[in-house]
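Any read-out appearing in this document is the output of simple, stated calculations on the displayed coordinates, not a laboratory observation. Not measured: the values here are computed from a predicted model. Neighbour counts are summed over all protein chains in view; Cβ atoms, including those assigned to glycine, are modelled from backbone coordinates with ideal geometry.
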Amino acid sequence: MPAGKNAPKACRDAHAEAAPELEKNDAPGYDGANDINKESASGSEEASCRGPEIDELRQLLEEARAESESYRDEAARAKADFYNYRTRIERDRSRDRALAAEGAVSALIPVLDNLDRTLRAVTDKDSQLYKGVSMVQRQFFAALQNLGLEVIATDCQFDPSQHEALMADDVEESDDGRILEELHRGYRLGDKVLRAAQVKVGRKKPE
């Protein structure tokens, strides 16, 4: 019996599948170029199929980048708006506190004036009345100072934004425009003058 018939079936099948390929390769004029061209054509078709997919992915990437940039801009604007809102709220609160303090202090200044008048009217500085009113006046004035009240200085040159001249005396040129006497105390709250100080001002003697 021929040896080929005794070979395992798997080997015979493999030989049978390889035989046509070998016969084709051994055929006259075969140089394998057709197979190479077929493979190249197949690769070109595959690349041409991938081309639109790559373009689509690139477009999706650009759209995602643009959307991300838009979200980043919106977040930055929202952050800026929130900062401006918080700044405006703090400014409004400060203004409201200042207005409330201004109203309270303005209403209480006449009470302080009355305490000052009472002290000036008491002739006996050693009396219990004077000492009691003086203590109340100091405590009351300290409470107003805690609210921001300040006394307008009068030991200086006359300033029309803070002083009101009620009287004037002739003086030497060196004292021209200088405050000579405080007639009525003035007050301010921060930068705002609540009441101008009423004063007597020095005026240069006419020649």
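Would you mind counting up the charge near residue 111? Only other residues with Cβ under 14 Å from its Cβ, with Lys and Arg at +1 and Asp and Glu at -1.
Values: positive: 117, 138, 185, 195; negative: 113, 116.
In short, +2.
Residue 168's amide H: which non-local residues (gap 5+, or another chain) put their own amide H closer than 5 Å, with H modeled 1.01 Å from N in plane and none for Pro or chain starts?
201
Over all alpha-carbon pairs in the range 150-207, figure out the percentage whose distance exceeds 13 Å.
Working: 906 of 1653 pairs.
I get 55 percent for the Cα pairs in the range 150-207 exceeding 13 Å.
Looking at the range 66-130, which trypsin sites (Lys or Arg not before Pro) are DSSP coil and have at most 15 other C-beta atoms within 10 Å of their C-beta? Can you show the working numbers first?
Numbers: sites: 72, 77, 79, 86, 88, 91, 93, 95, 97, 117, 120, 125; in loops: 125.
Qualifying residues, ordered by number: 125.
What are the semi-axes of the equivalent ellipsoid for the range 109-159, taken as the square roots of 5 times the Cα gyration tensor eigenvalues, largest first, in whole Å?
Details: eigenvalues 109, 47, 16 Å².
The answer is 23, 15, 9 Å, longest axis first.
Tell me, what is the FRET efficiency for residue 168 and residue 119 to the nearest 0.05, using R0 = 35 angstrom and their Cβ-Cβ distance as r? If you can, show how the numbers build up before the last one.
Working: r = 28 Å, r/R0 = 0.80.
Taking R0 as 35 Å, the efficiency between residue 168 and residue 119 is 0.80.
What does the net charge come to around residue 206 if you take all other residues with beta carbon closer than 15 Å to its beta carbon, with K and R at +1 and D and E at -1? Before the final figure, lay out the partial values.
Values: positive: 203, 204, 205; negative: 169, 170, 172, 173, 175, 176, 207.
Net of charged neighbours comes to -4.
Quote the convex hull volume per residue of the range 78-147, based on C-alpha atoms, as a whole number of Å³. Show your work: numbers first, answer last.
Details: hull volume 4.4 nm³, N = 70.
Once divided by residue count, the hull of the range 78-147 is 63 Å³.
Amide H of residue 181 versus every other amide H placed in the peptide plane: which residues, excluding those fewer than 5 positions away on the same chain, fall under 5 Å?
Amide H neighbours of residue 181, under 5 Å, 5+ apart: 200.
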